[in-house]
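The values are calculated or read from the model by the stated rules, or taken from the named source; none is laboratory data. Every value quoted in this text rests on a predicted model; they were computed, and no experiment measured them. All Cβ positions, even for glycine, are placed from backbone atoms using ideal geometry, and neighbour counts span all protein chains on display. Ligands, DNA and RNA are excluded from the accessible area calculation, which covers all protein heavy atoms including side chains. Shrake-Rupley method; radii C 1.70, N 1.55, O 1.52, S 1.80 Å.
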Amino acid sequence: MSSSSSSSSSDTIRLLPAHANILASVQEARAAWRGRRDAAAAAQGFLRIVQEVPSLLRELEVELGESLGAYANELYQEGAMPTALWLMDNATRSMPSSKILAYEQGCLFFRARQYLPALDAFQRALRIDPGYFAALDALENIKNLSLDRWHFRMLNDLNRNTTYQLALRRVLLEETIRLGRAPKVMDIGTGTGLLAYLAIEAGAGKVIACETNPVLCAVASDLLCTKEDRVQILNQSSYDIQLDGPVDVVVTELVDSGLLGEHVLPVLRHARKHMLRPGGRVIPHAAVVYARVIESTEVRRRSRLLKVDGVKSSWWGGRDSGCEELSEGGRNSKSSSDGSTNKNNDENKNSLPNVRVDETYTCESLTTLQHRCLTEAVAVIEIPLSHPPARANDASDASLTEDINLEVIADGQADAVAMWFDLILLPSDVEADRCAFSTDPERKGNGWDQGIYFLHASHVVRRGQRCRLRVAVIQDQLSFKLVDGDTIQSSSQSSSPSSTSVPVEVGEMDMSHLNDTHHIQAYRQALYILTSRVEKDRQPITAVVEWSGNYSVLGFVAASVPTLQSAPVTIVTGNEDSAAALRTWGQQGSDTPLCSVHVISSIDDKTGSKLMKLLPQALFFPPDQNSERAAPPSHHVLVIHDLVECSGWLRQGAIQEARLLQSVLNASTATTTASLLPVAVSVFVQGLEAPALLRQNRLEPENLLGFPAGRLLDGLGVRKFQGLDLNNTVEHRPVTAITRAFRVDMRSLIGTSRQCEEEKKDLKEVVARSRVELPVTVAAPGATLHAVSFWFSLHLTTPRTDGGNKNDDGVTFNTGPTGPGQEETSYRQGAILVGAISIVAGQLIELEVVWSVSRGIDMVVLGIV
């Protein structure tokens, strides 16, 4: 929410007749603040005026808050943070009804790394105005910085908590008897401080707890403040701590759902050598890993680049690589641009670029991941933690390695190994004394996900076969390899020359996006239709800019459209790594390298000076032509902009980037016309019953064993969630009809640089706002509204206006849940938590939905009728 107001540009105030004696002071303060000329003078002037005449606060609140915030930030930059904090505290105490001052104070606390006071300040602002979107957004940011959502699930895992409690009680009692004193404990990666609390309750004399996350460290310090004489919280890595003497017990839960992803092995090696006294104890003792082989098309899409049979519009084939030509009315028969058939297209298509996912595994809940089990689950390896093995750099010197024979129980394609583990806290030959708990997906109350380890080369397996799974600990990480079965060739095994190059590593969601043929098909169809229309209008496209994220390939899609082959294509990407990868891929066309594709990185400095220099050159001159040639008198530039991230949120900074591009076009010496793709964006909303989101957002006191986390952590529950799979009815179900909140024309959204300057648009401006009524549709009694989900429809072309098919709505691409008969895409959806509201069929949920440039989609429930 922008705090700008029309009053900032006015020289009068509505209450002026009653206070004529302060007119000169108001005008002086406004003159100092005009153009942000003198924040110190403006802030002090406004503060004096409002303290003298409190009734003027409402009229001058925006100017006072903004100038005071700017002045405090100047003091901070000069190293005078105590003065800045004192000044802001003085202002908020004298004007407790000002939401803007409370918000600015929160921002200042955050800069000072005083996170809990910042949290309190933002909450005060929202108590004054619950719909203050700037404070809502700031509060959301600090909550997300504070802790990941899995902390709530972990703290609510009663079995995990009680198992650690029992282990600490046993070990500390034994050590107290043996040493004749209360033991000293080191808690590595304390998080919110639960294990430190349990250690004190179990009899530790002193607990030293370390945590690298500064916000979590502040949370732990606050939660354990009543025990500060026995607990020391350090915002440090354990590698950097210098103890005044060794500790008797080291305790940690520095394990993730994939077991070794948080580097527990090297951490415990260091702790044994530098922190633990000889004969000291380490908790946990070991982990037993269980695994099974699974088939999952979702995992397959995210783990390797696929060559999809029958898809002839894929981006990796070079210019016009046998794509199905699309006409104004849709798809033609399978003929290419030269009139030949495509029956040999797959044989002519080039091998895939050498791309692989940079992660070896992901953490997913097997209860919600769509998959098929190809083998039974078996224990595959036990990993000692209290006495970690030496580091193995490759398979040849791995001391921890096992070959396990697995019986195949179903025909299928092996895509991944799903694993979980028993964490054994104490050594014992008696199972009941080992204090173990499992991350098995079938365990009730389990707060853990499971590790899904990618098999980068797929294997076909047959029921009744036995396949061999090799498990090892290499470079202190788990490694799984299927060494039997019929291997399916993947991109990393391609026979093309490109496969010998260094592979490009991308994130799993980037890989999924590269495999999204539905997305690529929609943009290709839109490009054919758009270029057909502009050719008819005799306004051919002379240049293309694709500005859609790090590894987007829509620029290559444009380059393969025959009618655009004479237009240079510029791909603007987020960083130099992705730019280098896209340049490499552009040279891997099937017949002709995409020499007219120019790739540049948008990362330079805050002013975008690099883009201002490079874009005109890339737009108006093909890379293989003389750059000194005079620019043509006119250009028609096609701008391709994929606004939505695969997570379901609007891509951060997308509108600002588009406005920068608009300013480049406006500043060019040639006359330029721009076409936009998409032409418009619609936002859809739907109410959800989603108790799974609540479990990631609040604590159950009975699960905490007396740990007072709820006092603070319940205030850290977030509102916004991303990455929801609304096709998954296990975790949420729709309770209202789907409703379109608004449709935004891209031209009005981006505008021109001249318009932006004239209107002095703030980067936090609201570009669309709508009041929506969601009809409750669920018939079952006792339904509850927990969240409102949202997604987008990208309108890639406009409907025909020349008397064509009246049902033609243009080409659209929907990022929402997949309907019957629709091809699944890489996109997930977003949601905003609204609490727990009881609803019945026939009611209407009144909702305000807002799209702001800097914060994306936000919404609040106004009421139910």
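Taking amide H as placed 1.01 Å from N in the peptide plane, the amide H of ILE283 sits under 5 Å from that of VAL250, VAL251, THR252, each at least 5 places away or on another chain.
Accessible area per residue of the range 114-183 at 1.4 Å probe, in Å²? Walk me through the numbers on the way to the answer.
Details: 2870 Å² over 70 residues.
Per residue, the range 114-183 has an accessible area of 41 Å².
Could you work out the relative contact order of the range 18-70? I mean the mean sequence separation of Cα pairs under 8 Å and 6+ apart, divided by the number of residues, in percent.
Numbers: 45 pairs, mean separation 18.1, N = 53.
Contact order relative to length: 34 percent.
Where the accessible area of the range 68-156 is counted over protein heavy atoms with a 1.4 Å probe, how much of it, in %, is carbon and sulfur? Intermediate values should be presented prior to the final figure.
On the way: 1920 of 3670 Å².
Within the range 68-156, the accessible surface is 52 percent carbon and sulfur.
Measuring r between the beta carbons of GLN370 and ASP440 and using R0 = 25 Å, the FRET efficiency lands at 0.85. Solvent-accessible surface of the range 676-748, averaged per residue with a 1.4 angstrom probe and all protein chains in place: 40 square angstrom. Amide H contacts of SER675: VAL637, LEU638, VAL639, each under 5 Å away and 5 or more positions distant or on a separate chain (H built 1.01 Å from N in the peptide plane; Pro and chain starts excluded). The distance linking the range 139-166 with the range 634-673 is 41 Å (Cα centroid to Cα centroid, whole angstrom). Shown in residue order for the range 445-458 are the 3J(HN,Hα) couplings computed by the Karplus curve 6.51 cos²θ - 1.76 cosθ + 1.60 at θ = phi - 60°: x, 5, x, 9, 8, 10, x, 10, 8, 6, 9, 5, 10, 6 Hz (x for Gly and Pro).
The apolar share of the surface of the range 186-267, taken as the fraction of accessible area on carbon and sulfur atoms (1.4 Å probe, ligands and nucleic acids excluded), comes to 44 percent. Close amide-amide hydrogen proximity is noted between LEU862 and GLU846, LEU847, GLU848, each under 5 Å apart and 5 or more residues distant or on a separate chain (H modeled in the peptide plane; Pro and chain starts excluded). Calculate the length of the line joining the C-alpha centroid of the range 540-560 to that of the range 398-459, in whole Å. When both Cα centres are located, 44 Å separates them. Note that the range 292-303 has calculated 3J(HN,Hα) couplings of 8, 8, 10, 10, 7, 5, 5, 5, 4, 4, 8, 10 Hz, one per residue in order, obtained from phi through the Karplus relation 6.51 cos²θ - 1.76 cosθ + 1.60 (θ = phi - 60°); glycine and proline are x. A simple spin-label model places pseudo-atoms 7 Å from Cα toward Cβ; at ARG58 and ASN235 they are separated by 4.1 nm.
Return the carbon/sulfur percentage of the accessible area of the range 681-752, one whole number, probe 1.4 Å, all protein chains in place.
50
Oblate is the label for the range 216-290, because a/c, from the alpha-carbon gyration tensor with a ≥ b ≥ c as root eigenvalues, is 1.5 or above and a/b does not exceed b/c.
The slack in the chain from LEU166 to THR83, taken as 0.36 nm per residue of separation less the alpha-carbon distance, amounts to 25.0 nm.
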